[in-house]
Amino acid sequence: MPAAFFGHGSPANTISINRYTRAWGNFAATLPAPRAILVISAHWYVAGTRISAAPRPPTIHDFNAHFPLPLFDFAYPARGDAELVDRVIDLAGPIEVERDATTWGIDHGAFSVLAHAFPAADVPLVALSIDRSKPPAFHYALAARLAPLRDEGIFIMGSGNVVHNLELADPTAGAPAYDWARRFDERAANLLAMGDHESLVNYHRLGPDARLSVPTPDHYLPLLYAIALQRSGERVAAIVEGFAFRSGSMLSVSIGT
Amino acid sequence: MTERASAFIAELAALRTDDARLHAGVPALRALYRDVLRAAAPPNPQYERERIIAQAPNPRELVFLFGVLSEGENEAALLLELMADVRITEPGAPVAHLVDEAWYYLRTSIDEHWQLDDGPPSAGGALGYLLLVLTERLERLRCAPQPVAVAQGEPDRAALLRSLRDTFE
C-alpha cells in the first residue's frame, strides 16, 4: 500500500472543488482499496502520543467562526478500528501510545483531505497524535516502526503543510508565494526526490528560509511520518504542488506508487 | 516593573541553568495563574469560588479564557510547562525545539512580523517575560477587576523580551 503526505491548506477545502482537491481525489482513485486508514494530522498536536479509540471518532470543527457555516455542518462519519489501534500500539512499543476515546477525533487536517480522497467515509479510520514534546527525530523513528502496516492494507497519510506561516498569510487573490516560501518548498521537494531524509528531519538547520517556512513544527512533522515509510528503491511522486495565501505550500506527495 | 516581578526576575537570574530556572519558575507561573483567577473571576459562587480555583485542573487555560494571556503567550507558557515536565521525567532529554517554539510564539504575540530573531531563543527569558507580564496584569486586575485587554497600552514588549534574553544569557 502506498503512503502519502497531503498539504491540506484551508479548512474551506473540505467543501471546495479546486485543483488541489481534485488531485487528492484522483490520487486516491489509483490506490488499492485500503483495509483502514491511519492519519497523522498537524492539528492533533499535544503532549503525548495518543490514538483515537472511539468506535466512531467525532468530527472536530477546529477552526474559528470566520469560516463558512456549511463547514460546521460537515461530518465525516467513518468508523474507528480497534484492531488497528491495537496493532499501532504493538508496533510503536516501547514508545507508549495512549488510547483516547474522548478528547479528539477527525479534525480538519484529516477530513478536508478525506472528504475528497475517500468521500464515502466507508474505510475505517484511526488518528494518531503528534507528541509536541518530542524532537523531529523521534517522529521519524516512530513512523518507521509503523512501516509493516503498509503490507497489511493500511493507508498511512500525514496531513500538514511543508511551508506554513499563518502570521504572514496573505489572502490577496493571485498574490505569488513569498520568495523564501517558494525556495524552501523547492528545496524540500529536491530533498524528497533525493531521499535525503536526514536533511528533512533536521530541517531547522536549513537556514532562514526554513525558519520562516516552518516557524513551528506542527504542520511539517506529518511529512516525516510519510517519508519514514519509504523503502529502498521507492520513489516520491508529487500529487499536486502550489501555494495558498503566499505562505502555505500545498505540496502533496505519494510514496510507493 | 512591580516589586513581585523584580523579585521573580532576580531569583531566576541568580540560577545558573535553564533546568534550575524551569524548576523554580514554572511553579511560580502556576501559582500566578491561580492568583490571576482569584482577581479576575466574578464573586459568585461566593462559597465555592476558592475551591474551584484551587482545584481547577488547568488554571492556565482559564487565565487564557479570561483574556489575561494572549494566544501566543498561552502557547509559550504551555511549552515552558512541558519543558519542565520533560526535564523532570527524562533528565537530559532534548528541549531545544520547545525553546524555539515558545520563543517564536512570544515574539509573534508581540509583533506577528517579528519572524527572524537577532539572537538565540532563551528559556529563561521566556519564563521571565511571562512572569513579568502576568504579575503586571495581576496588579491591574486587583486595582480594577475586569477583563484585561492584553497587549493594549503596555510599554515596548519587544525591547523587554530582548532584554530578558540578555539577562539570562
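No value in this document is a laboratory result; all are computed from the given coordinates. This is a predicted model, so every value here is computed, not measured. So basically every Cβ, Gly included, is an ideal-geometry build from the backbone, and we count neighbours across all protein chains shown.
The single condition among (1) of a type outside the set (S, T, N, Q); (2) part of a helix (DSSP H, G or I); (3) in contact with a Pro (Cβ under 6 Å, 6 or more places away or on another chain); (4) at the interface with chain A (Cβ under 10 Å from one of its Cβ atoms) that B:M83 does not satisfy is (3).
Selection over region A:27-49 of residues that are of a type outside the set (F, W, Y), surrounded by 21 or more Cβ atoms within 10 Å (Cβ to Cβ) and within 30 Å of B:E90 (Cβ to Cβ) gives a count of 7. Every condition in (1) touching a helix residue (DSSP H, G or I) at 6+ places or on another chain (Cβ under 6 Å); (2) within 23 Å of B:L160 (Cβ to Cβ); (3) touching a residue at least 60 places away in the same chain (Cβ under 8 Å) is met by B:R87 except one, and the failing one is (2). Quick one: how many residues across region B:28-67 are under 19 Å from B:L79 (Cβ atoms) and either among the polar types (S, T, N, Q) or touching a Gly at 6+ places or on another chain (Cβ under 7 Å) (or both)? Residues that pass the stated criteria total 1. Confirm whether B:A126 is away from chain A (no Cβ under 14 Å) and surrounded by fewer than 20 Cβ atoms within 10 Å (Cβ to Cβ). It is false that B:A126 is away from chain A (no Cβ under 14 Å) and surrounded by fewer than 20 Cβ atoms within 10 Å (Cβ to Cβ). Residues that are farther than 21 Å from A:T216 by Cα and surrounded by 20 or more Cβ atoms within 10 Å (Cβ to Cβ) within region B:67-86 comprise just one, B:V68. May I ask you to verify whether A:A228 is in contact with a helix residue (DSSP H, G or I) (Cβ under 8 Å, 6 or more places away or on another chain), surrounded by 21 or more Cβ atoms within 10 Å (Cβ to Cβ) and over 18 Å from A:H139 (Cα atoms)? No; evaluated as a whole, the condition is false for this residue.
Could you please find all residues in region B:62-76 being away from chain A (no Cβ under 13 Å), in a helix (DSSP H, G or I) and out of contact with any Phe, Trp or Tyr (no Cβ under 7 Å at 6 or more places or on another chain)? Passing the criteria: B:L62, B:F64, B:L65, B:E73. Can you tell me how many residues in region B:86-118 are more than 17 Å from B:A24 (Cα to Cα), within 9 Å of another protein chain (Cβ to nearest Cβ), of a type in the set (A, V, I, L, M, F, W, C) and assigned to a helix (DSSP H, G or I)? Residues meeting the conditions: 2.
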